[in-house]
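Data block below; observations after.
The values are calculated or read from the model by the stated rules, or taken from the named source; none is laboratory data. Given the structure is predicted, the values throughout are model-derived calculations rather than measurements. Ideal geometry is used to build each Cβ from the backbone, glycine not excepted, and the neighbour counts take in all protein chains shown. Accessible surface areas use protein heavy atoms only, side chains included; no ligands, DNA or RNA. Shrake-Rupley method; radii C 1.70, N 1.55, O 1.52, S 1.80 Å.
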Amino acid sequence: MLVESALAVRRRPPANLVPTDEEFFADAFSYVTNDVYLKTLGSVWLSPNSVVYRNGVLLQETLATINQWSYYRLKHLAKKLLTGKRVSLDASKSYLLVTDAWSSGHFHWFMEVLPRIWTIRNRSKDFVLLLPDTPYVRSIGLESLGLLKLNFEDVVLMKEMDFYRINDLHFVSRVTNPGQTHDQIMTEINAAFVGAKIGGQDKIYISRAKARVRKVLNEGELTPLLKNYGFEILCGEDFTLAEQIEIFVSCSTLMGIHGAGLTNCAFMKPGGNVVELRKRERNCGYRHLAGSLNHEYYYYNGEPDSDASPD
């Protein structure tokens, strides 16, 4: 069943685009979102990282990326059949899958999972929602559902060691390709989170000092300069989701390195500024998120200490 029609999206260039960098944004000036379908997958086996097998065959559309095909097609299935605890869920209930193996990250949750749920929000009570049992989902994920008033018949958190037998599974297809946004849906989600809250003119630098990877190596030199320009320095890990919303609704300029913290521009009032510290490469997820809410997007190409992708 079609639940959301495709939408043509056009992006204005970064506000400070340098002509020699245009090639790194070339595929991000326009695109078309996907037609979104609520599909009935029927009787299946489901891995806790949201990979579906029907009659022993991997359903490719449940993968986060096609690069996972070779592993999940046979190796992962064999592992689950040999060592996984087989769990049969209530055959009288209808279950809903909206996640993939990447969904337990802040960016992917807000850019991919919530938009998929949003397309079927008027039918959410018809389903038991299946989610990976991770610290992120148990905290921020479930809190976000409550704040958006997305109510399901129930929620099942899928344990890492289990392998689930489901009689009636339904699946919401991708709203966009990875890293892209459906602007209308993101605007509606922003309005649902922010409501009538009053915006402000705060300037915030979101630090990854507590993160395991991807950091600004000379942050100790950067942050004093930012403070001189009126920036507050914050770590997103220090706050609940409700607290993050209260903080960032008052923010008009958000700066940070490519990473989860920039996702908080989703809680800013539309028309702010987002400054991404990034590698000089094709990676436009935060540009799309900023653009979907009519924020001006700026970027600064740092000097990386590794050739690896920032993701």
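Could you grab me the full set of residues in the range 1-16 that are free of Cβ contacts under 8 Å to residues at least 60 places away in the same chain and assigned to a loop (DSSP other than H, G, I, E, B)?
Residues satisfying the conditions are Met1, Ser5, Ala6, Pro13.
Looking for something surrounded by 15 or more Cβ atoms within 10 Å (Cβ to Cβ), farther than 19 Å from Pro270 by Cα and in contact with a strand residue (DSSP E or B) (Cβ under 9 Å, 6 or more places away or on another chain) - is there at least one such residue anywhere in the range 186-209?
yes
Can you tell me which residue is most open to solvent (accessible area, probe 1.4 Å) among those in the range 53-82 that are in contact with a strand residue (DSSP E or B) (Cβ under 8 Å, 6 or more places away or on another chain) and under 18 Å from His108 (Cβ atoms)?
Glu61
When residues of the range 237-295 are filtered for being among the polar types (S, T, N, Q), buried (at least 21 other Cβ atoms within 10 Å of the Cβ) and in contact (Cβ under 8 Å) with a residue 24 or more places away in the chain, how many remain?
Within the range 237-295, residues that are among the polar types (S, T, N, Q), buried (at least 21 other Cβ atoms within 10 Å of the Cβ) and in contact (Cβ under 8 Å) with a residue 24 or more places away in the chain number 4.
With the requirement that a residue be open to solvent by less than 20 Å² (accessible area, probe 1.4 Å), in contact (Cβ under 8 Å) with a residue 60 or more places away in the chain and not β-branched (Val, Ile, Thr), what does the range 113-157 give you?
Leu114, Pro115, Arg116, Leu130, Pro132, Ser144
Of the residues that make up the range 59-80, is at least one modelled with pLDDT of 95 or more, in a loop (DSSP other than H, G, I, E, B) and touching a His at 6+ places or on another chain (Cβ under 8 Å)?
No, every residue in the range 59-80 fails to be modelled with pLDDT of 95 or more, in a loop (DSSP other than H, G, I, E, B) and touching a His at 6+ places or on another chain (Cβ under 8 Å).
I need the full set of residues from the range 158-171 which are touching a strand residue (DSSP E or B) at 6+ places or on another chain (Cβ under 6 Å) and either hydrophobic (A, V, I, L, M, F, W, C) or open to solvent by 50 Å² or more (accessible area, probe 1.4 Å) (or both), in order please.
Met158, Met161, Phe163, Arg165, Ile166, Asn167, Leu169, Phe171 - these are the residues of the range 158-171 that are touching a strand residue (DSSP E or B) at 6+ places or on another chain (Cβ under 6 Å) and either hydrophobic (A, V, I, L, M, F, W, C) or open to solvent by 50 Å² or more (accessible area, probe 1.4 Å) (or both).
For the range 213-231, how many residues are touching a strand residue (DSSP E or B) at 6+ places or on another chain (Cβ under 8 Å), open to solvent by less than 80 Å² (accessible area, probe 1.4 Å) and not in a helix (DSSP H, G or I)?
The total comes to 4.
Considering each residue of the range 266-284, count those that are closer than 12 Å to Phe193 by Cβ and not in a loop (DSSP other than H, G, I, E, B), and give that number.
Count: 2.
Would you say Ser43 is in contact with a helix residue (DSSP H, G or I) (Cβ under 9 Å, 6 or more places away or on another chain), of a type in the set (Ser, Thr, Tyr) and either surrounded by 12 or more Cβ atoms within 10 Å (Cβ to Cβ) or more than 26 Å from Ser292 (Cα to Cα) (or both)?
no
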